[in-house]
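The values are calculated or read from the model by the stated rules, or taken from the named source; none is laboratory data. Owing to the predicted nature of the structure, the values given are computational and were not obtained by experimental measurement. Reconstructed Cβ throughout: ideal geometry from the backbone, glycine too, with neighbour counts over all protein chains shown. For accessibility, only protein heavy atoms count, side chains too; no ligands or nucleic acids. Shrake-Rupley method; radii C 1.70, N 1.55, O 1.52, S 1.80 Å.
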Amino acid sequence: MKKFFKIGCLGFIILIALIVVIAVATSGGDDSGSGSSSNSPKSEEQKAHKVGDTFTVDNKAEVSVTKVEEREQVGDQYANKKASEGGTLVAIQWTVKNISDKPLGAFSTPTINLVDEKGTKYDADIDATSNYAVETNIDDSKIASDLNPGIKVTDVDVFEVSKDSYAKGKWYIEINGSKVQIK
């Protein structure tokens, strides 16, 4: 029984160590360790890009937001998602090109958030994003594989936000700390 307990404890310790290693590895795209946060005065003063501009992120990728549209529904006749009552769907199409000399892993490609003028960040709606990708037939993102050097892909993301808030304020897309003004 003592031998089993020792192996069980050792297994538990190895499991915890593995979880920590995975957590550290998957946070590779986060710039929080560099001392600049998206809420710092420096980034608030940073000039926002415009839709169609191409800019560099982390010296690894060229990024461009190519299209922004407000929708009541996304998807096709078989799979679709409607905005919730009081909500609207903001559909974003954007491109990423690996400009480094090494593959970008799935967890180190740029990430995208919708941000209001107060700085509140919104994550993409997975269902709406999937339905929009099917509808547009342009999503060739690299979800589970590396983005090799010189390769450019198009990605889509859909965010659901309050229709009133979206109509009244300034809105941005934030990609790894770089802002693109969309409204």
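Pairs spanning more than 19 Å between alpha-carbon atoms, out of 102/152; 82/163; 60/183: 60/183.
Kirkwood's formula applied to the C-alpha pairs of the stretch 44-168 gives a hydrodynamic radius of 15.5 angstrom. Protection proxy ranking, highest mean first, for peptides 52-65, 69-82, 152-165: 152-165, 52-65, 69-82, where packing is the per-residue count of other beta-carbon atoms within 10 Å, averaged. Shown for the stretch 140-183: the carbon plus sulfur share of the solvent-accessible area, taken with all protein chains present and a 1.4 angstrom probe, equals 45%. Taking Cβ atoms as reference points and 12 Å as the exclusive limit, the residues near residue 170 contribute a net charge of +2, counting Lys and Arg as +1 and Asp and Glu as -1.
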